[in-house]
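Q: One structure, pasted below without further comment.
The values are calculated or read from the model by the stated rules, or taken from the named source; none is laboratory data. From a predicted model like this one, the values you see are computed outputs, not experimental measurements. Ideal geometry is used to build each Cβ from the backbone, glycine not excepted, and the neighbour counts take in all protein chains shown. Only protein heavy atoms, including side chains, enter the accessible area calculation; ligands, DNA and RNA are left aside. Shrake-Rupley method; radii C 1.70, N 1.55, O 1.52, S 1.80 Å.
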Amino acid sequence: MSSAAHKRPRPRPRRYDAGKIRAAVLAQFGAVHDAVRDLTPAQLALPTHLEDWTVRDLAAHIAMAAGSVAACLEKPAPPRQEVPLLDWPFATASRAARISDDTKSVAASATDLDALYERTGARLAELLPAAPDDRLLATRVGAMRLDDFLVTRAVELVVHTDDLNHAAGLAVPYDRQALAACTRLLADALAVKAPGGSVEVRVPPYAVVQCVEGPRHTRGTPPNVVETDPLTWIRLATGRTTWDAAVDDAKVGASGERARLAGLLPVLG
């Protein structure tokens with residue numbers, strides 16, 4: 001983790017209900033499992049918009065992302081926390097190549113994706129209930145609390161559920177709590193990346209944050225407002241769509257001279 005990441009100004013940390021996040025991660029993983037179980041060889045061979053990944057690679061990556069919780073719980077706890085939750089969105093891009101290599105390896109070795117998902121789900125169900133929220137995990141980006149890491153798993157699961165739906169023409173549902181956590185963490189990441197109070201970003205019904213340096217409003221309607229829906233926000237924040245495309249498609253409403261966020265997106269690599 002770079003020293004710059006540790007010096008980023010932060011909004012007041014958001015509190016997540018740990019029990020609800022645990023349930024949301026398991027529910028979203030279960031929904032993806034139900035869909036993956038029925039994928040045909042032709043669907044698994046389809047391309048995705050994630051570089052050279054196929055749907056099979058994407059499915060393997062989702063299992064790997066969820067399974068990382070159990071894998072970390074099986075290792076000794078690190079001595080101290082290294083990565084607060086709001087550092088995580090800025091710590092992933094530098095590890096993208098390694099993550100892609102690991103994903104390809106899992107996809108190549110898992111001849112039966114249904115069995116992979118069964119094993120992953122069973123291990124989570126076995127290990128999670130006994131693990132305290134403050135248990136430290138040696139994650140890929142550094143030592144994190146379990147409750148924080150589970151929020152990042154909700155983000156991974158929601159983002160990649162959307163990727164899967166897009167690539168394979170599916171309609172895998174989004175768990176409400178997982179979608180809320182994903183929306184909120186990515187909105188808070190924007191406020192960390194561009195601290196200030198001149199722009200209000202609204203993603204109803206889950207998040208409202210203020211960001212971007214400039215005059216701060218104190219009452220009434222802010223002079224600069226951006227509003228969008230959760231899935232559009234997630235796609236913007238992760239680079240799945242561009243600011244101009246979302247505005248042109250009327251997926252984003254932006255008013256005020258500072259309300260153009262194109263230069264600040266994406267926030268998650």
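Q: Only four residue types carry charge here, +1 at the Cβ of Lys and Arg and -1 at the Cβ of Asp and Glu. Report the dipole size of the chain about the Cα centre in Debye, rounded to the nearest 20.
A: Dipole size: approximately 1040 debye.
Q: Quick one: P(r) of the stretch 1-157 from all Cα-Cα pairs, 10 Å bins, percents rounded to integers, in order of increasing distance.
A: Percent of pairs per bin, in order: 10, 38, 35, 15, 2.
Q: Further question: What percent does the relative contact order of the stretch 210-269 come to when contacts are Cα pairs within less than 8 Å and at least six residues apart?
A: That works out to 41 percent.
Q: How big is the Rg/Rh ratio for the stretch 111-269, C-alpha atoms only, Rh by Kirkwood, two decimals?
A: Working: Rg = 18.0 Å, Rh = 17.4 Å.
Rg/Rh for the stretch 111-269 comes to 1.03.
Q: Please compute the volume of the convex hull spanned by the alpha-carbon atoms of the stretch 88-130 and report it per residue in Å³. Intermediate values should be presented prior to the final figure.
A: On the way: hull volume 3.9 nm³, N = 43.
Cα convex hull per residue, to the nearest whole number: 92 Å³.
Q: Considering only Val155, Val225, Ala180, whose Cα is most displaced toward the positive end of the charge dipole of the stretch 110-269, charges sitting on Cβ of Lys, Arg (+1) and Asp, Glu (-1)?
A: Of the candidates, Val225 comes out farthest on the positive side.
Q: On to the next question. Under 8 Å for C-alpha pairs, at least 6 residues apart: give me the relative contact order for the chain, rounded to a whole percent.
A: Relative contact order, the chain: 21 percent.
Q: Take the solvent-accessible surface of the protein heavy atoms, probe 1.4 Å, and return the percent of it on the stretch 122-184 that carbon and sulfur atoms account for. Can you show the working numbers first?
A: Working: 1120 of 2230 Å².
Using a 1.4 Å probe with all protein chains present, the stretch 122-184 comes out at 50 percent carbon and sulfur.
Q: Related question: For Gly196, list long-range residues whose amide hydrogen, built 1.01 Å from N in the peptide plane, is under 5 Å from its own amide hydrogen.
A: Val212
Q: Here is a further query. Of the options Ala60, Leu127, Pro47, report the single residue whose Cα projects farthest towards the positive end of the charge dipole of the chain (beta-carbon charges: Lys, Arg +1; Asp, Glu -1).
A: Leu127
Q: Can you give me the % of accessible surface on the stretch 13-88 that is carbon or sulfur? Probe 1.4 Å, all protein chains present, nothing else counted.
A: Using a 1.4 Å probe with all protein chains present, the stretch 13-88 comes out at 58 percent carbon and sulfur.
Q: Students often check this: by mean Cβ neighbours within 10 Å, which of 37-48, 172-183 ranks highest, and how do the rest follow? Provide the component values of the computation, followed by the final result.
A: Working: 37-48: 13.4, 172-183: 22.1.
Highest mean packing first, the order is 172-183, 37-48.
Q: Ok, one more. Just to confirm, what accessible area per residue do you get for the chain at 1.4 Å probe, in whole Å²?
A: 46 Å²
Q: Treating the beta-carbon of each Lys and Arg as +1 and of each Asp and Glu as -1, no other charges, what is the dipole magnitude of the stretch 48-181 about its Cα centre, to the nearest 20 debye? Walk me through the intermediate numbers first.
A: Working: 13 positive and 20 negative charges, 56 e Å.
Result for the stretch 48-181 is approximately 280 debye, rounded to the nearest 20.
Q: For the stretch 63-200, what does the relative contact order come out to in percent, with C-alpha contacts under 8 Å and a separation of six or more?
A: RCO, the stretch 63-200: 34 percent.
Q: By a straight-distance test (C-alpha under 17 Å), which aspartates and glutamates pair with Lys20 as possible cross-link partners, with residues fewer than eight away in the same chain excluded?
A: Asp133, Asp134, Asp147, Asp148, Glu156, Asp175
Q: Additional query: With all pairs of different alpha carbon atoms counted, what Kirkwood hydrodynamic radius in Å does the chain show?
A: The answer is 19.2 Å.
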